[in-house]
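The values are calculated or read from the model by the stated rules, or taken from the named source; none is laboratory data. Bear in mind the structure is a predicted one, so any value in this text is a computation, not a measurement. Because the Cβ atoms are built from the backbone with ideal geometry, glycine has one as well, and the counts that use them run over all protein chains shown.
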Amino acid sequence: MSRDSKFERRQFLLNSLKVGGSSIFANPATHLASMMLAGFVSKAQAETQAEGRPGKYLFIPLMGGPARWTFPPLWPHKDDFAMMIRNPTVGTKFTESGGRYTGTEYKTTTINGMEWPWLWQFKVGKADGTMRPMADLMGNMLMMRGIHTAPFHSRGEHLRWQPEDIPYTFGALVTDRSPASIPAVNIGVPFTGPATSYRHISTKGKASIDLNAKAGGNLVARLLGGLQTSPKKFHQLTKNSLKTLMKETTVELEKLAKDESAGFAVSSSSLKDAEDIIERGFGNLDTVFKGLLAKYESIVNRTVNQNLVGINDKPVGATSGRTLTNGYNYRDEVINQADIRDMIKKVNTSDPEQLSTNGSFQPGRIAANFAVAEFALLNGLSDNIAMGIDSYMNVNLKTLTPSGNTRTTDYISFDEHGNGRFSTLLANTFFNLCMGGCLLELIDQLKKANIFNDVLIDLSGEMGRTPREDQKGSDHGGPNLDVAMWSGALPQAPNVIGNVLDQTPGFFGISGYNNYGGSWGYGASNDGYGNFTLGHLAATQAAILRVPNPVRSAKPILVSEGGVLKPTLGMGRTKKARA
């Protein structure tokens, strides 16, 4: 057989697997399974190439640039606390007076010799119905602090997704080299145009599937919607159709495996793995999605329904109602109840974006987003997923308008200009714990599937937040973005890198805003790297994903030691700001 004829046979098989033949792949269920096998064959081909297969990228953009001082360590080294200049908005726990919480403070807990924000001592829900330490999330984690980015949402989003204005998006570095059946998945990430967007832009014309998580329903079914003949039912992959598919396809794949000039090898054990994945993952899409959704909902519900010392174990807030100031809806001042823990009211439960009902936190979209991300990653459907959670709490507040009327449409959202220090601390603490529980479950599943070493999870915003000294909330912060990353390719011990200043050096270019005293993570210079930029972040993440560095200005802060990517810098420290 000539080389050309072998190539034609291989291409015919791959094409038939991707688009479906007239006999073997006649129904959508077997078509779906064939997509997986197509990705599997392409993976075998890619692994024989010198550059190898790229990693899998899960990007979780926290739109709005949340105030995250409850999550990343601002002062991981205890010796740096003496330099901290206090700002009451930068709070991690409440302070007590007269049997109720009437203030906030930045308080840490010591774990493995490092200082972590207060919430890291608590537990989060686990899939088996028990609880686990939030601190479990420190494994295989890298945090970069004090990254300089743009001070506005639209420009920050653009540069976060297209560092140094490269003509493609960062995720396309994975997509354009990936054999996965679905090039890219966008789950609930809003976009309005190239300058304000996390829209997927590929160099090879590979499009993304965009899922509107707010619409509710079965996200897995919508992800695979093109394979359905009827929107009223979910196709089941029966044992007979699976047997037929695997039998006829395996015969062809084994022929290619034995053909030395085919350019790749397919082992019988790998074929069995592919069959097991298909049989496990694509039985009934409705059942599969509901099971995953229920799992993550359970994790979130158990996480928030617990007593947290210093957070919700005593009444929170002033003892009388508050009024508006300067026409702004500063929520700490306008919440019309004495105990801020009662700020949650019954909301429209038919809206999947709402995360609270009848006085208790509910999982909302966070559970659905994690469910579809787990499904896509574990079943090899896509290697590039952007999973947005833009309004994380969406709790309704009982507030007063300037005229004194009750207003119940205000949300606590990531854009925290007027959230106030009390509501910001309460909501951020619960959200970060919920996110931690969901991340731990996803990482567990990635480890079980033996793919965690190939995955990079990226949790961040497009900017940092600057805390207002008047305690009314936080504003845009260009020089203090922090990014949390997890990958099996990173060391098991946590690494927190990036120096910060002990106080802000004053005005940094946002007209009308110069009220940000105290310490909050303003980036300082790092030996050999200067101030961290989005270029340093992109170069570092590219190294983890095994894709080319997309920027020219920066090098990664990682070096490979025995197959593990270790930072070239030690723990981030605090530097004295110039007067």
Unmet requirement for residue 103, which otherwise passes all of (1) of a type outside the set (A, V, I, L, M); (2) surrounded by 15 or more Cβ atoms within 10 Å (Cβ to Cβ); (3) outside any helix (DSSP H, G or I)
(2)
Residue check, residue 111 against (1) surrounded by fewer than 24 Cβ atoms within 10 Å (Cβ to Cβ); (2) touching a residue at least 40 places away in the same chain (Cβ under 8 Å), all met but one. Which one?
(2)
Among the listed residues 92, 130, which satisfies the condition of being of a type in the set (S, T, N, Q) and free of Cβ contacts under 8 Å to residues at least 40 places away in the same chain?
130
Given the conditions (1) crowded, with 16+ Cβ neighbours inside 10 Å; (2) touching a residue at least 24 places away in the same chain (Cβ under 8 Å); (3) of a type outside the set (D, E, K, R), every one holds for residue 539 apart from (2)
Any residue in segment 304-314 that is assigned to a helix (DSSP H, G or I) and at pLDDT 75 or above?
yes
Among the residues of segment 434-485, the number that are assigned to a helix (DSSP H, G or I) and in contact (Cβ under 8 Å) with a residue 60 or more places away in the chain is 15
Give the number of residues within segment 118-131 that are part of a strand (DSSP E or B) and under 20 Å from the mean Cα position of the chain (by Cα).
3
Collect the residues in segment 439-495 that are at pLDDT below 90 and of a type in the set (Lys, Arg), keeping them in residue-number order.
465, 468, 472
